[in-house]
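First the structure, in the form of structure tokens, and then the observations on it.
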Amino acid sequence: MKIKSVILFGLISVMSLSLLAQEKDPYQEVQSWQFGKSRETLFKIDEIIRSTKPDGYKNIEKRLITLLNSQQTTKDAKRYICKWLVIVGSEECVPAVAQLLTDPELSHPARMVLEPLQSQVAGEALRNALSKVQGKLLAGVISSIGVRRDTKAVGAIKLYATGADPVVAENAIAALGEIGNDEALTVLENIRPPQNLERAHTRALITAAGHLADAGFKTRAAAVYKKIFDSSSTPAFRYAAINGIVNTLPQNQAVAFLIEQLQSKDEHIRGAAASAFRHCPDTALKNNVAEKLPNLEREAQLLVLGILSDIDDVNGRTPSLKLLQTSNDDTVLIAALDCLARHGEAADVQTIAQIATKKPSLSNAVIQTLQRISKPGTDNALVKLFETDASARAIALNVLSNRRVESALPTFVRLLRGNDIALATEAAKGLATLGTDEQVKELSDVIIKTEDDGLRNVAASAIKSIARKSKDKTALSQTIVNSFDAAKTVQARTTFLQLLVFTGGESALKTVVNSLNNPNQEVKNAAFESLVSWGDDSVVPYLIGIAKNSTDEKQAIVSLRDGCLRLAEMEEIPLQKRIQILQDVLQVAKRIDEKKRAVSLLGEIPTPDSLKILQKAASIPELKTDAYKSTIRLARQIGAIYPDQAISALEEVKSNATDEGIRKQAEQAIASVKNAGLSPDGFVLAWLICGPFTKEGKDGSALFNEAFPPEQAGSTVQWKPYTVPPNKKNGLVEFDKMSGFKGNDRVAYLKTTIISDEAQDAQLEFGSDDGLKVWLNGKIVHSNNAVRPCVPGQDKVKVKLAKGENTLLIKLTQGGGEWAVSSRIRSIGGKELNDITILPKI
């Protein structure tokens, strides 16, 4: 055993040495590299450099220098060697690189190595090259000297700046600007460039002045900027000069200059001055300019206010407040208000609000400003404003409501109880936004006690608003019922009856029903209106009773039309209850209009029971045509789920209808139902759907892993049949177009049954907007928490279908925008899958 191990180890060692011998040195390989050949060798050296720490660069540099000095190294390889030396090179590589500066093909990569080297040797190499090159190579070397800001080269470059070659001269002028010391600037000032180099010359002066200013020679730099501003006709140079002057002159002079330019007749100069003001690093200078804001001309005021509205480090408050007191220009006032939205304080609330009193047209601007002020104490100042300033009360109320200042609630309640009708009315308006269930009793007391119709109506509106967002409508309902019982006036009683509609509940409904027998006709009318407007089906027996027994024909019609039929359209009411409502309407309605409407609505409730009622309604001559049309529409909708019942009903229509057009529609519907679940190209068309499901605080993506009832064993779920309309391509189920599903951050589920004649492999193809999770026979077969538009076939998954029934369940998330899913069943090769049927089962 030991002998075998030794032999094996020896073999491995020999093989390793052989492999090492076969592996070539990338530095040797790169020597002969040319464009067009494999880049594998280049990648190897790239990787060596990437994996080497800086203290190991010297060894790499040595090998690269050797290659650079070799006559056998190709120029293509030397280009890459220079690229690597930019990373690993030091002044050790300068002699080898400097030799390349005179080579037209390698001068540029050589300069890229020398430019960033912090070495006097590199600078000397570039200066020495000046006398050895000409034309474009000379221009390049000069440019590199400028990039290095080599002050030792000023004397040499000076000669080229006035030379005959315009390319070289332009680069020399630019280099002098980049060097930017006093000597270089003096040279530039003494140059009288030809017309074609005037722009380059001015640009270089600006660059040199900037370098001098950075070095602390601001007086010298300011003189250059001032000369350019006064003499240049090029707007861009004048704008740059403005910025330079502002940042180099003594502060008092800079402020005066800036104010002068902000008020220039030239709008471009004004804009450049505004830019200089915005970007000036001297906060004291900017505060100095801002202080003078009220004395500036209108256009300058607007420019400065616009900037102050965006920055925090300058006092925009004082000058803006002064403008509110002195300016009569609406545009300026709006700009000052906008500035105060950022800079204003609690103490400014009343001053700002008074602008709306003086100029009602600026009320919106005032409101927006007060809404945005964020300094401490602002909410308390607004509450005080509401209490003490009648002229600003409406403004304060609006702002307090929009800011949702809950600390204002005690004030609103106190004012609501007071004797000032105007104040109480405004307080009630505030409670409409900020109020909670706790304030309903106070509002109800006002309705009971007040004789002012306006106050009563506003208090009632506030209760409606609170009721809509209340989480305990039962308790709220009892509060209103108690107030109704305590009310003595007709006006109060009718108001409470109207409000009970917004809370619902057994006690509320009982109060409304009992009020139908009130001796006062106004109370009786209010009770009937509330009954007809009730929000759930608990009211139906009373409405049916009125329709059946009332001697008032109009009341009987309204109870069915505006009460029962309205409720039958509400999707939140269970299907069977909606069907029962419509069946009751058909039985008690005295007019054909209500019966026809009931028949039409039955055609939209997807259950076999609706078909049965429609078949019965077809026996009534006046309803026959409507019943047939609704039957055809409904059968198409539920045919994929209830094919036997749908086809039976359609056959009856086909046999009994006398209208040829209706018979033809029934025949077409029969053909459609027979193949309703699956399109010819394999898209699933027949589904059961449910939802939407939401969870507070979670967006669409976060809901992906939330388990809602359809994926919880033993949960009760109300599934609704859905068949993709014939005009929809790719079996697209569009939830964003369905009433009851619209909205963001929610989940819907789809379910269907795939009946396979035999056990077989299949491919499920999905497109979804947004996330998609799929179960087959209770097991997750696909999961993709995506945010994307729906494209059919985006996701493909291979599955095994069992013989017989296979349950397919899909979860679809929605973030926002469109919300749809497309599902397709194919063979593994993507072709038609035989011997399957789609038949959703509830």
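The values are calculated or read from the model by the stated rules, or taken from the named source; none is laboratory data. Since the structure is predicted, the reported quantities are computational estimates derived from the model, not experimental observations. FYI the Cβ positions are ideal-geometry reconstructions off the backbone, even for glycines, and counts take in every protein chain you see. With ligands, DNA and RNA removed, areas are computed over all heavy atoms of the protein, side chains included. Shrake-Rupley method; radii C 1.70, N 1.55, O 1.52, S 1.80 Å.
Across the chain, counting alpha-carbon atoms alone, Rg and Dmax equal 42.6, 119 Å. The residues of the range 686-838 expose on average 45 square angstrom of accessible surface per residue, using a 1.4 Å probe on protein heavy atoms. Per residue, the average separation of C-alpha pairs within less than 8 Å and at least 6 apart gives the chain a relative contact order of 4 percent. Annotation: for a label point projected 7 angstrom from Cα along Cα→Cβ of Thr162, residues of the range 176-191 with backbone N closer than 17 Å are 176-177, 183-191.
Candidate cross-link partners of Lys44 among the lysines, defined by an alpha-carbon separation under 20 Å and a same-chain spacing of 8 or more, comprise Lys24, Lys53, Lys58, Lys62, Lys75, Lys78, Lys83. The Rg/Rh ratio for the range 686-838 is 0.95, where Rg is the radius of gyration of the alpha carbons and Rh is the Kirkwood radius.
Which links in Lys441/Lys548; Lys664/Lys841; Lys384/Lys488; Lys132/Lys226 stretch past 32 Å when you go from one Cα to the other? Beyond 32 Å: Lys441/Lys548; Lys384/Lys488; Lys132/Lys226.
Among the listed pairs Lys158/Lys218; Lys471/Lys524; Lys577/Lys742; Lys737/Lys831; Lys728/Lys751; Lys464/Lys554, a Cα-Cα separation exceeding 21 Å is found for Lys158/Lys218; Lys471/Lys524; Lys577/Lys742; Lys737/Lys831; Lys464/Lys554.
Using the alpha carbons alone, the radius of gyration of the range 400-459 stands to its Kirkwood radius in an Rg to Rh ratio of 0.93. The label point for Leu575 and the one for Asp795, both projected 7 Å from the Cα toward the Cβ, are 2.7 nm apart. Per-residue Karplus couplings for the range 70-77, computed as 6.51 cos²θ - 1.76 cosθ + 1.60 with θ equal to phi - 60°, are listed in order as 7, 5, 7, 6, 6, 5, 4, 5 Hz, Gly and Pro entered as x.
Distance between Cα centroids, the range 345-411 to the range 262-324: provide it in whole Å. Using only Cα atoms to place each centre, the spacing works out to 27 Å. For Lys616, give me every one of the aspartates and glutamates with a C-alpha distance below 16 angstrom, ignoring sequence neighbours fewer than eight places off in its own chain. Correct list for Lys616: Asp584, Asp626, Glu651, Glu652.
Could you please state, rounded to a whole Å, how far the C-alpha centre of the range 118-191 is from the C-alpha centre of the range 200-221? So the separation of the two Cα centres works out to 17 Å. Dipole check for the range 134-221: with +1 at the C-beta of Lys and Arg, -1 at the C-beta of Asp and Glu, and the Cα centre as origin, the magnitude is about 60 Debye.
Between Lys695 and Thr807, the FRET efficiency estimated from the beta carbon spacing at R0 = 22 angstrom works out to 0.30.
Computed in the context of the full set of protein chains, the accessible area of the chain at 1.4 Å probe radius has 49% of its extent on carbon or sulfur. Projecting the Cα atoms of Gly661, Ala241, Leu409 onto the dipole axis of the chain, where Lys and Arg carry +1 and Asp and Glu carry -1 at the beta carbon, places Gly661 farthest toward the positive end. Does anything in the range 73-87 have its amide N under 20 Å from the 7 Å Cα→Cβ label point of Lys136, and if so which residues? Under 20 Å, as judged by backbone N against the label point of Lys136, lie 75-80, 82-83 of the range 73-87. The dipole here belongs to the range 79-123: it is taken about the Cα centre, uses +1 on the Cβ of Lys and Arg and -1 on the Cβ of Asp and Glu, and is about 120 debye.
Karplus-derived 3J(HN,Hα) values for the range 106-120, using 6.51 cos²θ - 1.76 cosθ + 1.60 with θ = phi - 60°, are 10, 4, 5, x, 5, 4, 5, 6, 7, 3, x, 5, 7, 8, 4 Hz; glycine and proline are entered as x.
For the range 62-193, the Cα gyration tensor yields ellipsoid semi-axes of 29, 15, 10 Å (square root of five times each eigenvalue, largest first, whole Å).
Whole angstrom only: what separates the Cα centroid of the range 595-671 from the Cα centroid of the range 453-482? The range 595-671 and the range 453-482 have Cα centres spaced 45 Å from each other.
With no solvent and one point on each alpha carbon, what is the Debye value of log10 I(q)/I(0) for the range 134-221 at q = 0.12, 0.17 Å⁻¹? For the requested q values the scattering log ratios are -0.29, -0.58. Using only alpha carbons, the range 175-300 has a radius of gyration to Kirkwood radius ratio (Rg to Rh) of 1.00.
In order along the range 126-139, the Karplus-derived 3J(HN,Hα) couplings, from 6.51 cos²θ - 1.76 cosθ + 1.60 at θ = phi - 60°, round to 5, 5, 5, 6, 4, 7, 9, 10, 8, x, 5, 5, 5, 4 Hz, and Gly and Pro are given as x.
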